[in-house]
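The values are calculated or read from the model by the stated rules, or taken from the named source; none is laboratory data. Everything quoted here is computed from the prediction, not taken from an experiment. Here Cβ is always computed from backbone atoms with ideal geometry, including for glycine, and neighbour counts include all displayed protein chains.
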Amino acid sequence: MSKTCKLFLVEAVREVIKRVPASGDHLEVLNLLAPTDDTEISFTKLLPEIKRLTKCSIGILENQWRARKYLAIPQAVISDTVKYWIYLLNYKDCAGNQQFEELAAAALCLLSLPISNAECERVFSQVKLLKNDLRTRLSTDTLDSLLHIRFNVRGDTRNAEDCCGSFNPDNDMLKKFTSDMYH
């Protein structure tokens with residue numbers, strides 16, 4: 001029994017290694033986006049990733065990176081990385097100019113990149129099952145509705161209020177369910 005478990009774990013690790021990039025560079029970059037005082041070191045490591053996302057000059061980005069440490073930012077904002085970058089994106093100086101627009105937009109793009117595409121793969125598998133050779137003419141709206149039904153009925157929804165399993169029709173609705181509705 002223990003040998004079987006060991007072989008299973010070894011195979012699981014191999015599969016994880018296949019699916020996760022060899023270097024965790026992307027995850028390291030995400031750590032660099034956390035609000036810190038270590039501005040010079042972080043920016044040089046972050047620069048290659050940011051350059052892929054924006055056409056803005058490096059000088060402007062570097063100035064924005066250094067200027068951010070002089071802001072008085074509320075502690076509630078500093079404790080959450082996404083709130084921090086949204087705060088910087090919306091921050092305006094006394095003249096009404098967005099002082100960190102380019103840097104914050106690039107940082108939010110980096111934070112929004114998916115680490116895993118497993119959820120997307122699940123949705124595409126469901127689309128493939130729904131839209132087969134016999135149902136090629138399904139409209140996008142119909143397909144979207146069918147996917148919502150499929151995920152919500154199975155309980156895959158994150159919000160229990162959206163699930164139809166907890167829906168209770170009132171008496172007026174039940175009275176309308178007659179054979180007349182099919183004619």
Q: Could you identify the single residue in 72, 106 that is under 30 Å from residue 44 (Cβ atoms), assigned by TED's automatic domain parsing to the domain that holds residue 43 and in contact (Cβ under 8 Å) with a residue 24 or more places away in the chain?
A: 106
Q. Has segment 48-66 got any residue that is over 30 Å from residue 15 (Cα atoms), surrounded by fewer than 11 Cβ atoms within 10 Å (Cβ to Cβ) and aliphatic (A, V, I, L, M)?
A. no
(Q) Restricting to segment 87-130, name every residue that is closer than 15 Å to residue 34 by Cα and surrounded by fewer than 16 Cβ atoms within 10 Å (Cβ to Cβ). (A) 109, 111, 112
